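Please read the structure below before turning to the comments.
Nothing in this text is a laboratory measurement; each read-out follows from the coordinates by a stated rule. Quick caveat: nothing in here was measured; it's all calculated off a predicted structure. For neighbour counting, all protein chains shown are included, and Cβ atoms are generated from backbone atoms with ideal geometry for every residue, glycine included.
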Amino acid sequence: MTTALVPVFAALGDETRWSILAALGDGDASASALAARLPVTRQAIAKHLAVLEEVGLVEPVRVGREVRFRVLGSHLAETARQLDAVGRQWEARLAAIKEIAEHL
């Protein structure tokens, strides 16, 4: 795992930020629209969105006078690829341990 993933996991480790990211999976939304859907104030949503933006998981998009946020799927996909690589490494290690144990 690279150190670049640590801030991403720290951001995703917060339940509210995870809920915001999941809600944005349904489509772009403003902080006000997200606050109407989630049990969090608009100000708190804005702070959580700033954290998600800082780690590259969302980006603001101006639509008229409104600022909506959208998920950056490419960054999420890259994070998933890196997690998958770690999983494959562990599976290989466990298979090697199993092989050794079976031949004792």
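Structure above, values below:
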quantity	calculated
Of the DSSP H helices in the chain, those whose Cα atoms cover at least 20 Å axially and whose Kyte score averages -0.5 or more	73-102
Global size of the chain as Cα Rg and Dmax, reported in angstrom	18.5, 70
D (Stokes-Einstein, µm²/s), Kirkwood Cα radius, segment 43-98, 1.002 mPa s at 20 °C	156 µm²/s
Relative contact order (percent, whole number), segment 5-102, Cα cutoff 8 Å, 6+ residue spacing	24 percent
Debye, to nearest 20: dipole size of segment 5-102, +1 on Lys, Arg Cβ, -1 on Asp, Glu Cβ	380 debye
